[in-house]
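The values are calculated or read from the model by the stated rules, or taken from the named source; none is laboratory data. These figures come from a predicted structure and were not determined experimentally. For neighbour counting, all protein chains shown are included, and Cβ atoms are generated from backbone atoms with ideal geometry for every residue, glycine included. All accessible areas refer to the heavy atoms of the entire protein, side chains included, with ligands and DNA or RNA removed. Shrake-Rupley method; radii C 1.70, N 1.55, O 1.52, S 1.80 Å.
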Amino acid sequence: MFIDLQFNVVFVMQELYEIPPSFDRLVLMVIDGLPAEFVLGRDDRPPSMVIEEVMPYTQSLLASGMAFGYHAKAAPPTVTMPRLKAMVSGAIGGFLDVAFNFNTQALLDDNLIRQFFNIGWQMVMLGDETWLKLFPGLFTRHDGVSSFYVKDTVQVDYNVSRHLGDELNRTDWNLLILHYLGLDHVGHIGGRSSVFMGSKVKEMDEVIKMIHLSTKQFQDNDQGRTLLMVVSDHGMTENGNHGGSSYEETDSLVLLVGLKPKASDYQLVTHSTIHQVDIAPTLALLFGVPIPKNNVGMMIAEAFDSLTDDQQLRILELNSWQLLRLLQVQIPGLSCGSLSCDVLSNDQWLGITECNGSDEEMLCCLFANAVVLHKSWKSKKISRSNSGDEYHMTVLAYDNFLGAASKWLSGRATYKPAGVLIAGVAAMVFSCLVFIGLLFWLDQEVYPCKVCHLSDVKDIVLKCHFDETYVLAIIFILVLSMGSSSMVEEEQYIWHFLTSTFYLVLLRKAVQSLIARTRQNLISLIKGQNRSSYIQVSSIILILITGRIMRGWHQGGVNWAHLPDISKWLEQAGRCYVKSIQLVSWVLIMSLGVYSLFSLQSKKYSAMVIGLTFLVPGALVMQHIIEYQDTSFAASSYGSNSTVQIIYTLLGVSTLGAFFGVPWLMPVPSPKILSVHTGSLSSNFLADLRMKFLVVGFRDSIYVIGWAYIHYWCLLQLLLQQPTNSMPVLFLLVQILAGMYYCSKGGIHLKHFAYVAGLYYLGLAGHFALGNTNTLATIDVAGAFIGISSHSTLLSGILMFIITYASPMLALLSMVMYMAVKETCAPVNAQDVDIGHFLKMTVSFPCLVPLGLNSIVLVAYTIVLLLMRNHLFVWSVFSPKYLYVCATTACVYIGVSVVSLTAIYTSFVFAFRSRYVAVLHQR
């Protein structure tokens, strides 16, 4: 009964289509990450000699006209899941699919796999388990593998090929999907030029040969015709990454093997360009199933050369009807029948370029052109032998409508309901105003007492607030630049310039202040009382020098990423140079960590004990660098994974130990010592004792905890970052410490929000100095699997986030230590102060300033994205940038949460300990 129903469905479809299926079976071979230029060449140049040598069979098919190759333009984001959806549904995905790529859900939109299932096809899937998540329960047999464990370049493909021989000998399937992941993984680990790339491409050539010979044998035995379609979901950059919109990432492959052999120019069969969404209507029409209703692609004409003229025009007509129905859904009330287009006059073609007006009118006119010409051609049955010109005119008319409709619909994918968008933006604006209002209120409450630390030196420079104004101007300059796609692509230049300018302003102010003081009091110069001012100037100069070096470490961006930089020079110089840089960075980071703890004013012995806890994970990191870490390939051996997992455990336990243990174990000076350091106590001795105990103990503990956060974070980055990035990690640490020292010396007046903003800006500039950009292609996927022996979406996602946001998070974690080194203007009358007021004066600025600045950027860029939703680069530039803005927001909230929880917990511990000390003193 079921077989009869199947036959009836197929028969009805053939009757409606008036075209029999061209093939009986389909083998869809997906080679993940294969750039089309590897097979077809680029810009009228053939593929490199190396590729021709490792793909001899595929090249012979192309040269003989037995295969047709296309450069298929993939729409961003160029990651696997949305690209597969585009192939089988013909629909343009959104950038939210980037998030769903790591947690794929079933595809509910109309698609080819569901269409094949509905007509009773038996389908087999081998390879990437993304197919199983997209189409659960539709495959008769399957063997899926994880696509995210990029360290596996062998087993992941062997798991597919080991079933291939058996499946090719079977006759119980109609669709065989093979999704090979090894080439993509090789790219992630070693880039396009990896020494393993040639052998992997050769392996794929052998698979193509095996499939083609098998399908030929079946056809020779009259067992049906099989179409082999070899595709890639996306390409890859030189570094092997993908996700963005560069040519290297969007240049995917479509190779059709099994069509009617056609002797033609080699350039013609290898240099045609299509869109990836064109795959869906082509396969639907070749196999006689309905075109997916949300398809925006147009069929590949060469795939239907074996059909008659009638059938080819019918194919074009079906594709046009489908796109017209989609247009009518997108444009309510669209009725092309009401438009009259004078396209024929005395049976002469007048040209479709006369179609103009609004988009709706032009699309209807183009469709009417094609319909009228098609009807005219069908009415001339007797004289068709002489109507070749009219046939080509009709094909051209359909092509023009299909091209225009496809382009319009692809752009329409950015449309969203205006009401929902306005409500969301209004909520974000309200949140932003709340943060700004809190900052303004806090600033007014804190700075009435700002004179408590001002110098008596009458220097006009101290009255100038240009530096504070410039701190705010930076964020608004950034907001203004967001409307330019070029500025978004090259945002790193904005951050490097603005941050350097801010510290140049501080340098000018520090030098002017130093000169003014020196002129006023030469005796202080002789006695060395201006030593701290000199060190302040030196710290700013150190920030500027390291910032300039980091600026040249990675070119970054899009337009100039190919230019030479320090990281490229190190990679070319060889492994020994990179290893030396790593070891020098490790030694300096460890030295700074231990030395900084000895700067505590009290109990250096306890600081020494805490410093020893830095050495164990640090030694293991050095061991991993020396024994396992390589400039090209992440280690995948058991020993490496074990070492890294131990490091993760030690860093996690040490961080939690510092958070929970230091406030309880940190010794605090006795009341007598406190009285010596702070002068005479107030009349209310117990209240004053508790307040001084809280302040001194809190600052010492926060200093140690903050440095533990920073040190462990830097060790983690030495482990996870690309080897060439070890020195920028050190420079980031140096900049943070130099900025911290400048903040701790209150000789030059600068409001707290300006100090905090300056540190936060250092973190954002460092984000780009580590090689990050606003494209998804620079995300280090390979590093996210260091120390992981099997795929875990959660763990690899966390590591990917840690690698990408290493610099902003380091700046946020430094706020913990900032609270210890930067004195606040808290009232000194202990009777009027409670713990809540103490926390407000200590924690508010380090938390609210990053939240407020980020909120301004988030709101502004949301509005920019809405205004640019119809922009040509909305998917390639503005959408990926918005993902980064959202991820940065998550980073800020995580960092601020750590800072606030640390301060609150530590203050409550010392409040408890101060009460206990007060009770003991009373006794």
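Within segment 476-493, if we keep just the residues that are buried (at least 19 other Cβ atoms within 10 Å of the Cβ) and of a type outside the set (S, T, N, Q), the residue that is farthest from the chain's Cα centre (by Cα) turns out to be 478. Condition check for residue 285 on (1) within 29 Å of residue 313 (Cα to Cα); (2) modelled with pLDDT of 90 or more; (3) within 31 Å of the chain's Cα centre (by Cα): one failure, at (3). Looking only at residues of segment 761-795 that are open to solvent by less than 10 Å² (accessible area, probe 1.4 Å) and of a type in the set (Phe, Trp, Tyr), we find that the one that is farthest from residue 735 (Cα to Cα) is 785. Only a single item in (1) out of contact with any Ser or Thr (no Cβ under 7 Å at 6 or more places or on another chain); (2) within 29 Å of residue 660 (Cβ to Cβ); (3) in contact (Cβ under 8 Å) with a residue 60 or more places away in the chain is not met by residue 889, and it is number (3).
Has segment 211-226 got any residue that is at pLDDT 85 or above, touching a His at 6+ places or on another chain (Cβ under 6 Å) and not hydroxyl-bearing (Ser, Thr, Tyr)? No, the conditions are met nowhere in segment 211-226.
Of these, 310, 389, which one is modelled with pLDDT of 85 or more, acidic (Asp, Glu) and in a helix (DSSP H, G or I)? Quick ask: steps written out before the conclusion?
Values: 389 fails: modelled with pLDDT of 85 or more.
Answer to the selection: 310.
Within segment 152-189, the residues that satisfy the criterion of being farther than 21 Å from residue 133 by Cβ, open to solvent by 30 Å² or more (accessible area, probe 1.4 Å) and either in contact with a Ser or Thr (Cβ under 8 Å, 6 or more places away or on another chain) or not hydroxyl-bearing (Ser, Thr, Tyr) (or both) are 154, 162, 166, 169, 170, 172, 174.
Of all residues being among the polar types (S, T, N, Q) and surrounded by fewer than 14 Cβ atoms within 10 Å (Cβ to Cβ) in segment 539-579, which is farthest from residue 497 (Cα to Cα)? Just the residue, please. Result: 572.
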